[in-house]
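The values are calculated or read from the model by the stated rules, or taken from the named source; none is laboratory data. Quick caveat, the model's predicted, so the values are computed rather than measured. Note: ideal-geometry Cβ built from the backbone for every residue, glycine included; neighbour counts use all protein chains shown.
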Amino acid sequence: MPRPLNLHPDRLFPAEPATRAIARELYREVADLPIISPHGHTDPEWFAVNAAFGNAAELLLVPDHYLFRMLYSRGVRLEDLGIGGYSADPRAAWRILAENFHLFRATPSRMWLDWVFAEAFGIDVRLDGETADFYFDTITEALQRAEFRPRALFERFGIELLATTESPLDTLEHHQEIRESGWTGRVITAYRPDPVVDPDFEGFTGNLARFSELTGEDCSSWTGYLAAHRKRRAFFATMGATSTDHGHPSAATANLSFTEAEALFDRVKNGDASAADAELFRAQMLTEMAGMSLDDGLVMQIHPGSFRNHNRQLFDMFGRDKGADIPTRTDYVTALRPLLDRYGNEANLSIILFTLDESSYARELAPLAGHYPCLKLGPAWWFHDSPEGMRRFRLMTTETAGFYNTVGFNDDTRAFLSIPARHDVARRIDCGFLAQLVAEHRMEDWEAAETARDLAYNLVKRAYRL
Amino acid sequence: MPRPLNLHPDRLFPAEPATRAIARELYREVADLPIISPHGHTDPEWFAVNAAFGNAAELLLVPDHYLFRMLYSRGVRLEDLGIGGYSADPRAAWRILAENFHLFRATPSRMWLDWVFAEAFGIDVRLDGETADFYFDTITEALQRAEFRPRALFERFGIELLATTESPLDTLEHHQEIRESGWTGRVITAYRPDPVVDPDFEGFTGNLARFSELTGEDCSSWTGYLAAHRKRRAFFATMGATSTDHGHPSAATANLSFTEAEALFDRVKNGDASAADAELFRAQMLTEMAGMSLDDGLVMQIHPGSFRNHNRQLFDMFGRDKGADIPTRTDYVTALRPLLDRYGNEANLSIILFTLDESSYARELAPLAGHYPCLKLGPAWWFHDSPEGMRRFRLMTTETAGFYNTVGFNDDTRAFLSIPARHDVARRIDCGFLAQLVAEHRMEDWEAAETARDLAYNLVKRAYRL
Amino acid sequence: MPRPLNLHPDRLFPAEPATRAIARELYREVADLPIISPHGHTDPEWFAVNAAFGNAAELLLVPDHYLFRMLYSRGVRLEDLGIGGYSADPRAAWRILAENFHLFRATPSRMWLDWVFAEAFGIDVRLDGETADFYFDTITEALQRAEFRPRALFERFGIELLATTESPLDTLEHHQEIRESGWTGRVITAYRPDPVVDPDFEGFTGNLARFSELTGEDCSSWTGYLAAHRKRRAFFATMGATSTDHGHPSAATANLSFTEAEALFDRVKNGDASAADAELFRAQMLTEMAGMSLDDGLVMQIHPGSFRNHNRQLFDMFGRDKGADIPTRTDYVTALRPLLDRYGNEANLSIILFTLDESSYARELAPLAGHYPCLKLGPAWWFHDSPEGMRRFRLMTTETAGFYNTVGFNDDTRAFLSIPARHDVARRIDCGFLAQLVAEHRMEDWEAAETARDLAYNLVKRAYRL
């Protein structure tokens, strides 16, 4: 007999009954608010072409490194899941997930998937070896129906706005198509210049050449290179972009003179930069980007501190983004100072900081955001985008930075179907956190309700200028 | 209609009813114990002269960097608040605070201020834009009454002892006046030698000259300089001092030979020390101070790990202590070893360690204090002087260092009116923490009651030798 | 009147009644499961010889650095406790513990000892100055009875398997005796090669000579030295060993070529290695040991990050392991990479990582173990082997690494009588943690029950290949 799958209406709320009752009340205020997804990695082609997704494994397993990293850690071969271009029978791959689903107990992936199964597909039994085929068939069949096409899901999920993330080398043609299609769903882009900013990025010099081509600027000179950024940012803005995003190994920034920066650019542009020059160039570019943001109003996001592709052998066999990125200790206090020396007191500049190093929440990030006008704190990110991670974020930042130096929730995902589940988790956790404050008489109920709405909806609109 | 302001009698206690009942019981044991404030930054002139405070903004907003740092982070100009010598209409400044008071939700500042409003001034509506003028008038008028003079408040607040903090260059004339005034309030000083110990301190060489003058010792020689400290410490002791305090960028200590130290002093005394020499000199001076403490019995406090005046532009415009000090990662294990090599096993020496880096609580500080006879742990400090900060302090230090290697509470404040509120928060959080232990059958109720009294009153008296 | 001592059946369970009820239910599943102790420091001679323990102080106080470190931190002299070869009246030493027993409130030592007093010795009054003699007599007398001999206690405690830890230089004669004695208790060894792997270990060159002697290999050559390890590991396996253990100052690993490693060995083998060479040699040896583990199947444990013998004066007077080891900040991401480059993707290799730096749980260790097939996480260790330490371990690792990349509990103790108490604490905390997940509807009750049994019994057997 398969085990029943039910999403309990009180899930994630504190267990203490009076506190739970407050959480329920607060959640009622925000449960049905539209979803704003200001930062993520869905594919704009989905919404441009609006084709049906293929099958359960292709949709839910293959693109989700949270899932296959855990399976890999317990000895499953990625080839058997069809990862990294290897072909595998999708039904067999799905069965591997099903038989190992207990590995995900108490992880956010389990919670997000259960939501997708129950709410998106209406399945009412739990995933395990016994129900693997039933799941595969149910999901795969559903995907052929019109109501499971990308645009239909977008609407059904109550998404008010969704931002994707593109390289400056992207032509944004899918964004163009969406705009011209007449469809009213609001899908915008964001400017992620790592491929032309990070001298260690694969194909950096080729990328610069292509950057020249796309912008008509001469990216072999520092002046031309900066002009190319300005032009491309403006083009991204015409495709709705209100933000940029920067994924650097550290949060280092620099504040070089024009002459120093120019000389540095000359050293790195040919692709043979030393490690120190590469780091310094990335650092200087964060400050340059902040300056451009002050001019064109794009909100700046910094996502530092991930050691990318830590597993060399896996990278060689399967490529990037295969679950082998590992967080590192990240300094902000010294690292950000050069940028802050130049732009820290600009109230019109908006820089949203993320971290994978929770020890910086109370020690560095909340004190910085609770002082500098240009700084705000992004939500708990990646490995910390989880119930306990979100609780720690609030517990360790609120007393110093308050709620109003934070920016609501980012789902940051390429797992499109999980978007509502992720926002729902964030809303439940925030309501539970606020309920605790009310129950301990540290906040009034009306304040908590107002704050809950701000955290779920208003702050993100303001912070991302939407 | 203004919102009512009520301080709930159960505030900050755990929400679970049985645990809350235990917390209430424990709190009853400590709620009315006298306040010992062994470390803080109030102005002794207040108690010497006993003049009326000016108005709401001057008393509560202008000196409180917790408040104006948050306002600044959201775009308020410090000039408009009258900070840093800029003049501003106090009523208008107060209105800015009032209209932005939601920024402080769930922060300790909000909790402390609500206590001041309700308990000190008897106000029963909440602060917001609508009540801003009512607040300003009520508070400003009250301050003119005799019962709001500093000495009257000191008595009304049940303060048994209050320590201020002075530089060796201070003549302590206000302390002298207090002693000669016949007033029975016990206000003592503490020895904070940073201006003559830190080669990076503003005016260091001039400070040394003045130090020579005040002590009659020749501070251009290492021997004379050390003698000057000994004399000045003795003078501070006549004004009640039982402790010294050291605010260094790191916890580095050194254990140089006399000859090495003398040569180092010769390098730094002229104010042109290298960064390494400055750090080494501060490090050596901690060890020298420990040696003097062993002789004269003054308890030593080390407050390391703050990056002072991080915001260069703000420092240039508004000066020190404007909310731009940011905590940094702080090492203790290697840093303290030279001092501990020399004095670590002295049971008569008492060194109280503070941190702004919570990751050191369980990893470094509790293990060190749970072993070395001379070490004790100061309470959660500054950004961590908050309900959650205090909880984390107990959760992460108690299992290794116990309660009895800690020293009770420090309010560490210049916000005089908030002192009872701060001690009350600490007592409530400790009672809640103990109640949890009792509820989980990890401690007996009679033990918890004894410990609660120790944490609120006895430990601080013993640790600071009061 | 002495205070009563009762172990409450609900101790350590969450206070909230519904959650507590779930915890009780889960605990019922695991309370009586046999104890597997896969890593610890008990003395095999106890089980070989089966002699009576001496007296209360000798058994419970003198070997327990958790106890005397705390007493020392509050000014007690180690000489007065009979530590480090100093002789002291055991009754008087015991009285010192008794009179200072309040220092241990809310520490795990207090909890473990209360269990020993109540459950092992049937004492029903609390330890304090008044009951010191009663305790000393009761315990000392009991120890003379047959049921308190080591083997009888082993059986009474329900220990299914106990691993000790020995140096390669140990002849394992006690293990041999146990095997030949006909006693059915399963006591096995583990291979801890630090004395012949760490160039900074006391007597390193002498140790190498002895290593040659014991193995018949020429340990003055790199090849002979490696062969000696292989032989000795095989010998340890005949005495039941299924694991190795490595206690290094850091988690550094290296991946040198054979020639480089050989040259390095030549530099360190004479005992005059530089600090950098010593660190590099330890680093390389972790990788070598991983390679041997892949061949012979021994599970590898890495216990890094303790600054050993931090108190120089104490080390000179009393020797090693006197409570003066202090945790340090520990990096894993960069440190482990060379080993992982070579063996990280081997699903047949099993490396169990420990830490004293909790900031690495969510940031580094859970992401690493949640990806690499060879890595698993050891339980909360040493200072963190405590109720709050265990909770933090689960809270910070589960969402990324899951439960199934962890390995159950290690008691890691030389305090034999506390073994059941320690396992009981771990089981209660895990049940409480799972109960919370069930109460918040993040897990089903049947899953929690299955997981509780896995954490208490099944995972440790699988992880240690028992």
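The table for this structure:
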{"quantity": "Test: residue in the range C:380-396 that is more than 26 Å from residue A:362 (Cα to Cα), touching a helix residue (DSSP H, G or I) at 6+ places or on another chain (Cβ under 8 Å) and more than 10 Å from chain A (Cβ to nearest Cβ)", "calculated": "no"}
{"quantity": "Condition met for residue B:95 (at pLDDT 95 or above, closer than 20 Å to residue B:311 by Cβ and basic (Lys, Arg))", "calculated": "no"}
{"quantity": "Residue A:49, sole failed condition from (1) within 21 Å of residue A:109 (Cα to Cα); (2) under 25 Å from the mean Cα position of the chain (by Cα)", "calculated": "(1)"}
{"quantity": "Restricting the range B:21-49 to residues that are surrounded by fewer than 21 Cβ atoms within 10 Å (Cβ to Cβ) and either under 20 Å from residue B:466 (Cβ atoms) or of a type in the set (Lys, Arg) (or both), the residue that is farthest from the other protein chains (Cβ to nearest Cβ)", "calculated": "B:34"}
{"quantity": "Only one of C:453, C:465, C:427 that is in a helix (DSSP H, G or I), within 19 Å of the chain's Cα centre (by Cα) and either at pLDDT 95 or above or surrounded by 24 or more Cβ atoms within 10 Å (Cβ to Cβ) (or both)", "calculated": "C:427"}
{"quantity": "Test: residue in the range B:119-133 that is over 23 Å from residue B:89 (Cα atoms), of a type outside the set (A, V, I, L, M, F, W, C) and assigned to a loop (DSSP other than H, G, I, E, B)", "calculated": "yes"}
{"quantity": "Failed item in (1) loosely packed, with under 15 Cβ neighbours inside 10 Å; (2) at pLDDT below 95, with residue A:273 passing the rest", "calculated": "(1)"}
{"quantity": "Every residue from the range C:110-125 that is of a type outside the set (A, V, I, L, M, F, W, C) and more than 9 Å from chain B (Cβ to nearest Cβ)", "calculated": "C:114, C:119, C:122, C:124"}
{"quantity": "Counted residues, the range B:3-12 - those being at the interface with another protein chain (Cβ under 7 Å from one of its Cβ atoms) and not aliphatic (A, V, I, L, M)", "calculated": "3"}
{"quantity": "Qualifying position, being among the aliphatic types (A, V, I, L, M) and within 26 Å of the chain's Cα centre (by Cα), among A:226, A:280", "calculated": "A:280"}
{"quantity": "Contacts under 6 angstrom Cβ, first residue in the range A:197-224 being within 10 Å of residue A:271 (Cα to Cα), partner surrounded by 15 or more Cβ atoms within 10 Å (Cβ to Cβ) and among the aromatic types (Phe, Trp, Tyr), 6 or more apart", "calculated": "A:199/A:281"}
{"quantity": "Filter pass, residue A:227 being of a type in the set (A, V, I, L, M), modelled with pLDDT of 95 or more, over 20 Å from residue A:259 (Cα atoms) and surrounded by fewer than 18 Cβ atoms within 10 Å (Cβ to Cβ)", "calculated": "no"}
{"quantity": "Which numbered condition residue C:323 misses (of (1) within 14 Å of chain B (Cβ to nearest Cβ); (2) in contact with a His (Cβ under 6 Å, 6 or more places away or on another chain); (3) at pLDDT 95 or above)", "calculated": "(3)"}
{"quantity": "Scan of the range C:294-309 for residues that are over 20 Å from the mean Cα position of the chain (by Cα) and either in a loop (DSSP other than H, G, I, E, B) or surrounded by 19 or more Cβ atoms within 10 Å (Cβ to Cβ) (or both), ordered by number", "calculated": "C:297"}
{"quantity": "Restricting the range C:377-423 to residues that are of a type in the set (Lys, Arg) and surrounded by fewer than 23 Cβ atoms within 10 Å (Cβ to Cβ), the residue that is modelled with the lowest pLDDT", "calculated": "C:414"}
{"quantity": "Meets criteria (of a type in the set (A, V, I, L, M) and within 15 Å of the chain's Cα centre (by Cα)) for residue C:437", "calculated": "no"}
{"quantity": "Which listed residue is among the polar types (S, T, N, Q) and within 28 Å of residue C:341 (Cβ to Cβ), from C:212, C:220, C:250, C:181", "calculated": "C:250"}
{"quantity": "Complete set of residues in the range A:250-274 that are out of contact with any strand residue (DSSP E or B) (no Cβ under 8 Å at 6 or more places or on another chain), of a type outside the set (D, E, K, R) and touching a residue at least 40 places away in the same chain (Cβ under 8 Å)", "calculated": "A:250, A:252, A:253, A:254, A:255, A:265, A:268, A:270, A:271, A:273"}
{"quantity": "Extreme residue, nearest to the other protein chains (Cβ to nearest Cβ), among residues of the range B:95-109 that are outside any helix (DSSP H, G or I) and under 18 Å from residue B:75 (Cα atoms)", "calculated": "B:105"}
{"quantity": "Residues of the range C:13-56 that turn out to be of a type outside the set (Val, Ile, Thr), part of a loop (DSSP other than H, G, I, E, B) and within 15 Å of residue C:420 (Cα to Cα), as a count", "calculated": "8"}
{"quantity": "Members of the range B:83-95 found to be surrounded by fewer than 20 Cβ atoms within 10 Å (Cβ to Cβ) and under 20 Å from residue B:321 (Cβ atoms), listed by number", "calculated": "B:84, B:85, B:86, B:87, B:88"}
{"quantity": "Residue B:448 vs. criteria small (Gly, Ala, Ser), at pLDDT 95 or above and more than 20 Å from the chain's Cα centre (by Cα)", "calculated": "yes"}
{"quantity": "Of all residues making up the range C:310-320, the number that are among the basic types (Lys, Arg), more than 7 Å from chain B (Cβ to nearest Cβ) and in a helix (DSSP H, G or I)", "calculated": "0"}
{"quantity": "Segments classed as helices (runs of 4 or more DSSP H), wholly inside the range B:181-292, with at least 2 members that are closer than 20 Å to residue B:351 by Cβ and not assigned by TED's automatic domain parsing to the domain that holds residue B:334", "calculated": "none"}
{"quantity": "Residue list for the range A:57-91, restricted to those being in a loop (DSSP other than H, G, I, E, B) and either among the hydrophobic types (A, V, I, L, M, F, W, C) or within 14 Å of another protein chain (Cβ to nearest Cβ) (or both)", "calculated": "A:62, A:64, A:74, A:75, A:76, A:77, A:83, A:84, A:88"}
{"quantity": "Filter pass, residue B:333 being more than 27 Å from residue B:206 (Cβ to Cβ) and either within 13 Å of another protein chain (Cβ to nearest Cβ) or in contact (Cβ under 8 Å) with a residue 24 or more places away in the chain (or both)", "calculated": "yes"}
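Per-residue answers, yes or no, for (1) under 18 Å from residue C:237 (Cα atoms); (2) crowded, with 16+ Cβ neighbours inside 10 Å; (3) at pLDDT 95 or above; (4) of a type in the set (Phe, Trp, Tyr):
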position: C:151; (1), (2), (3), (4): no, yes, yes, no
position: C:170; (1), (2), (3), (4): yes, yes, yes, no
position: C:174; (1), (2), (3), (4): yes, yes, yes, no
position: C:202; (1), (2), (3), (4): no, no, no, no
position: C:209; (1), (2), (3), (4): no, no, yes, no
position: C:213; (1), (2), (3), (4): no, no, yes, no
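Results for (1) touching a Ser or Thr at 6+ places or on another chain (Cβ under 7 Å); (2) part of a helix (DSSP H, G or I), shown as yes or no for each residue.
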| position | (1), (2) |
| --- | --- |
| B:333 | yes, no |
| B:339 | yes, yes |
| B:356 | yes, no |
| B:361 | yes, yes |
| B:365 | yes, yes |
| B:368 | no, yes |
| B:373 | yes, no |
| B:390 | no, yes |
